[in-house]
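Heads up, the thing below is written out as structure tokens.
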């Protein structure tokens, strides 16, 4: 550990960090454009200049390593003047088109100009102008807004190693160009460059002119697309306006940084999967008994009859559902003496490059393996009187599908708990509507055994309830109480949503 001073306050920090990293960990803001924790250090925007005592000039915080007894000033007059000068140069050719820019409201340049910029333009020369280009089916490029941070180039060079972008021209005429538009569309991570862009120079064609970010609610979630457990920022359409009557409740997915996993990007398949959560054609929104919509009261009466029948039973968990929903089913099996099984999840060939994408398309498959739940395909007999099957948006393997359908068709009391109608609900006596992952808080355990919390910002639709409420009524007050009991009994540790935090806990 080293002792340093930042703005006349003493701090003890670890070696091997840059000034910018130390300040980020201490919640001290240092403005920057080119720095990103998942990319190499470029040091070309000069926005992160700070004053270091004893140094003859200002230093870039992104590339200067902290040293013992170093004294740093992040808000001195000379630093503020330097930031103002950098912004003046950046804004020489930058258009004042914030009202029509999709980045407005989450733009670093916009924010920094309010905090550090000038209030008058001194340049008398006309601004250089470029046409807005649709450079691929995914991405559009507006060179007028580019600040040449080169994040997009470094991402495509260093992370995906596909090299679709480069710079051309020199000096003040330098701009970024796409040398392989077809490759950009085939790149399974290409849309991350829209997240990486600190201004409105790169954006998604799909999101362009779609929604103002300040008219959305942002929640942090875990991508349910595979076992990797990538973090998402989900924009939810919570404020209705006459300008966007056709926008669904889920507006978009963007990547959310997780420093503990060193994960800062998401795949395009996960990013664009948000549209599936706006489709309601096959959504199960009310209980169905013998294929007909019924009331919650009649559904609970059927459940009570089934559980008091003293017949043998089986519960099939779901690697697509949260820890809490699965644990509610486990508690039922333990209470009733039912057998417990899990299906084999759907697997998919990996794209190129694959990076952190997992073959197993189930976000909670690791939970099943940790608890050593036997596979449904290893079941010796399908003759059970009571069968409860959990499912969610997603797929399982064909051999598991056949076995589960056999269970449901043979049982006297067959019950499914799922988000969308499927072959399971169509072959069940009772189909209970399940919340999708954006409608409830829940946890998932990824392939590296990290348990993470996914936040539901939409709330339960009318008629939809969590499984623990269907099965146990008021025994549990919320999903967190199930997590606490699960972690104590099954993991041997005590967890809460607060302890899990934003970045999760490694088991």
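Read the figures in this text as sums done on the coordinates, not as results from a lab. Values in this document were obtained by computation on a predicted structure and should not be read as measured data. Cβ coordinates were reconstructed from backbone atoms using ideal geometry, including for glycine residues, and neighbour counts include every protein chain displayed.
Fewest to most neighbouring Cβ within 10 Å: what's the order for 154, 145? Write out the running numbers ahead of the final one.
Working: 154 19, 145 23.
Result, fewest neighbours first: 154, 145.
With Rg and the Kirkwood Rh both taken from Cα atoms, where does Rg over Rh land for the chain?
On the way: Rg = 26.6 Å, Rh = 25.5 Å.
Looking at the chain, the ratio lands at 1.04.
Please say if region 2-90 is rounded, prolate or oblate, where rounded means a/c under 1.5 for a ≥ b ≥ c the square roots of the C-alpha gyration tensor eigenvalues, and otherwise the choice is prolate for a/b larger than b/c and oblate otherwise?
On the way: a/c = 1.88, a/b = 1.27, b/c = 1.48.
Oblate is the answer for region 2-90, as a/c is 1.5 or above yet b/c matches or exceeds a/b.
Can you put 392, 104 in order, fewest other beta carbons within 10 Å first?
Details: 392 22, 104 15.
Least to most surrounded, the residues fall as 104, 392.
What angle do you read, to the nearest 10 degrees and between 0 and 90, between the alpha-carbon axis of helix 323-336 and the longest principal axis of the chain?
20 degrees
Tell me the mean residue ellipticity at 222 nm calculated for the chain from its helices only (DSSP H runs of n ≥ 4, each -39500 (n - 2.57), averaged over every residue, nearest 500). Provide the component values of the computation, followed by the final result.
Working: 15 runs with 116 residues, N = 507.
About -6000 deg cm²/dmol.
Share of antiparallel DSSP beta bridges in region 2-90, in percent to the nearest 5? Spell out each step's value before the answer.
Values: 10 of 12 bridges.
Here the antiparallel bridges make up roughly 85 percent for region 2-90.
For the chain, find the longest principal axis of its Cα atoms and tell me its angle to the long axis of helix 398-410, 0 to 90°, nearest 10.
Helix 398-410 sits at roughly 40 degrees to that axis.
Quick one: order 27, 185 by neighbouring beta-carbon count within 10 Å, fewest to most.
On the way: 27 6, 185 15.
In order of increasing Cβ crowding within 10 Å: 27, 185.
Using only the C-alpha atoms of region 288-506, find the volume of their convex hull and express it per residue in Å³.
125 Å³
Give me Rg over Rh for region 376-507, both radii from the alpha carbons and Rh done the Kirkwood way, two decimal places. Before the final figure, lay out each step's value.
Details: Rg = 16.4 Å, Rh = 16.5 Å.
Across region 376-507, the Cα-based Rg/Rh ratio is 1.00.
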